[in-house]
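Below is one structure, written out as structure tokens; the observations come after it.
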Amino acid sequence: MGKKLLSVAIGLALLGGGVYLGSQLGSNNSATIVGGADRYAKTASTSAAVGSLAKSVGASGKGKVHDVKAGESIQAAVRAAVPGDVIRIFPGTYKETVYIDKDDILITGVIEQGQWPTLEGERKLNDAILYSGNNITVENLLITHYKGNGIMGQAGNNFLIRNNRIVDTGVYGIFPQLGKNGLISNNIVSGIEDAAIYVGMSDNIHVNNNEVFASVAGIEFENSRHGVIENNLVYDNAGGILTFITPGLPIKTTFDLIIRNNFITNNNHVNFGAPGSMVSGVPSGTGIVIMAADEVTMENNIISGNKNAAIAITDHDSFPNITRDPETDPKSDKIAILNNVMYNNGTDPIPEIKALKVATFITGNVDIVNAGESRGSCILNRDQYQTAGLSGYGTCGFSTTADLVTYLLPEPVEPRPLGELDKGKLTYFGVCTGCHAYNMRMIGPPVETIQALYMENPEGIAEYIAKPEKKRDDYPAMPAQDYLTPEERLAVAKYLLGVDNHGIFHDPALNQNQ
Ligand code: HEC
């Protein structure tokens with residue numbers, strides 16, 4: 001996204017004068033009050049977790065303890081474990097992928113005299129921890145040099161990922177996908193090619209007290225709903241916090257997110273995202289990017305030193321590389337910017353923002369820029385910020401989200417019923433859609449392209465993914481999926497060939513609780 005996106009949006013705005021300048025920049029909506037004090041009012045469920053956010057997430061730890069010492073295999077301990085068990089990992093270097101397909105497993109590192117248990121991928125292994133069970137806890141691990149993901153979840157609910165250090169590890173550092181009710185706390189994640197923390201197609205997720213830096217994106221919520229992102233330290237990434245809709249995925253919406261009490265500073269890192277990936281388009285120097293997401297509220301963040309802008313709000317129409325998804329609303333609506341501290345942002349913006357400033361007679365540095373139409377959005381005390389493209393925003397009729405403690409649920413949610421997602425489908429959504437979208441380029445080529453290549457040949461896909469060879473110059477190599485059994489590889493290949501965008505959307509299992 002990013003450069004091109006803003007350029008087109010603002011280009012349109014400028015050229016189309018009457019269209020965007022008229023409706024957006026020209027009219028002034030500051031007298032319109034948007035939303036009432038009840039927007040984030042206390043309710044039994046949203047304040048239920050006060051005192052202990054972790055109450056409905058994570059493993060019980062009530063079972064047997066399995067100790068894993070240097071030289072032993074974590075996977076062997078997981079194999080021997082039953083739900084309720086605890087796997088204690090002692091300091092040492094473990095070169096493996098740990099696959100957890102059971103429920104209620106507690107993976108806990110033992111840190112002795114400053115020595116951490118270390119999962120070392122040697123730049124050969126794909127993922128360090130891959131879970132599909134429910135009520136999984138992963139804590140106190142040092143994870144480094146994996147090619148795919150540090151910790152990835154596939155459809156596991158009630159997860160707890162805390163106090164891990166993830167360094168220089170692949171595409172995503174922490175990546176729960178299709179999970180519900182999960183807490184990601186106190187992790188330190190750096191050197192990630194896409195997002196340090198990536199919440200994908202998940203609901204009721206709380207991300208707090210993490211430190212994320214030196215990655216392309218710090219924290220990213222995509223096609224996810226009902227989330228709180230708070231008290232994080234987000235610095236030295238290309239983009240700090242992103243809330244997006246990626247078109248072509250089975251979940252079509254991103255909404256109801258609160259971004260508050262974060263330090264989002266100096267996110268001016270060179271963007272080293274995989275060429276052509278969506279995140280590679282985020283203009284370096286942007287604190288928060290909102291693209292096509294709705295109901296995103298920002299409060300009490302300290303956003304400083306981001307050279308492009310503190311906050312950029314935009315839509316899909318402005319993004320030429322995106323194939324529009326007819327079932328996704330492309331605009332960012334109902335955005336709310338409450339009181340935040342923003343200073344020293346926008347010192348070196350992309351040319352499109354510069355052009356917008358010229359056209360709208362703005363001379364100072366811009367904190368907040370809005371490109372494209374945004375309906376029902378609001379800002380509080382707007383004079384404390386320098387803005388561009390926000391005159392269509394009303395004034396917020398509410399001033400805080402404080403009464404809404406969390407969207408974590410008071411009780412653990414049930415696992416997804418078995419049979420609802422067969423193995424092929426689970427692997428497809430859990431693994432493949434992290435890199436392959438249906439009709440647009442993500443990390444890998446679109447699923448449509450793969451379908452055309454392999455029409456009647458699921459065996460060919462199963463074989464390819466076990467040992468992918470490099471095919472395209474303009475794509476990175478695909479990591480081997482050899483941790484999947486041959487049956488699982490064939491099942492996912494068949495599922496992939498049968499998938500269609502429309503069909504996925506109408507799958508009620510994937511659209512629960514919208
Ligand atoms: C970490 C990212 C990633 C994940 C996860 C991933 N892929 Fe890929 N995939 C890629 C990339 C990148 C390419 C392009 C590689 C190239 O052209 O050299 C690719 C290419 C492919 C191709 C094209 C092969 C060809 O002959 O052109 C197939 C088939 C494929 N992936 C299937 C899958 C399946 C099935 C899954 C899930 C089990 C999956 N991929 C998971 C990144 C990924």
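With Cβ to Cβ distances under 11 Å as the rule, what net charge do the other residues near residue 171 carry (K, R +1; D, E -1)? Let's see the in-between values first.
Values: positive: 147; negative: 127, 193, 194.
Combined, the nearby Lys, Arg, Asp and Glu give -2.
For the range 75-116, the spread of Cα coordinates along the three principal axes comes to 31, 20, 12 Å, biggest extent given first.
Summary of packing: across the peptides 453-459, 430-436, 117-123, the per-residue average of other C-beta atoms within 10 Å ranks them, highest first, as 430-436, 117-123, 453-459. The simple Förster model, with R0 at 41 Å and r as the Cβ-Cβ distance, assigns residue 30 and residue 209 a FRET efficiency of 0.70. Across the alpha-carbon atoms of the range 250-370, the computed radius of gyration and Dmax are 14.6, 43 angstrom.
As an equivalent ellipsoid, the range 88-230 spans semi-axes of 21, 17, 14 angstrom, where each value is the square root of five times an eigenvalue of the C-alpha gyration tensor, largest first. Packing order of peptides 296-302, 148-154, 285-291, 131-137, highest average first: 285-291, 148-154, 131-137, 296-302 (average count of other Cβ atoms within 10 Å over each peptide's residues).
Efficiency by 1/(1 + (r/R0)^6): what FRET value for residue 69 and residue 186, r their Cβ-Cβ distance, R0 = 30 Å, to the nearest 0.05?
Details: r = 25 Å, r/R0 = 0.84.
In this case the efficiency is close to 0.75.
Size descriptors for the range 424-510 (Cα atoms only): Rg and Dmax, in that order, 12.3, 38 Å. Here the Kirkwood formula, the inverse mean of 1/r across different C-alpha pairs, assigns the chain a hydrodynamic radius of 23.0 Å.
More than 15 angstrom separation, counting every C-alpha pair in the range 145-226; what % is that?
Working: 1552 of 3321 pairs.
More than 15 Å apart: 47 percent of the Cα pairs in the range 145-226.
Sorting 138-145, 376-383, 241-248, 169-176 by average packing, meaning the other beta carbons within 10 Å per residue, from highest down gives 169-176, 241-248, 138-145, 376-383.
Where a number appears in this text, it was derived from the coordinates with a stated rule and is not lab data. The structure displayed is predicted, hence computed values, not measured ones. Virtual Cβ from ideal backbone geometry, glycine too; neighbours counted across all protein chains shown.
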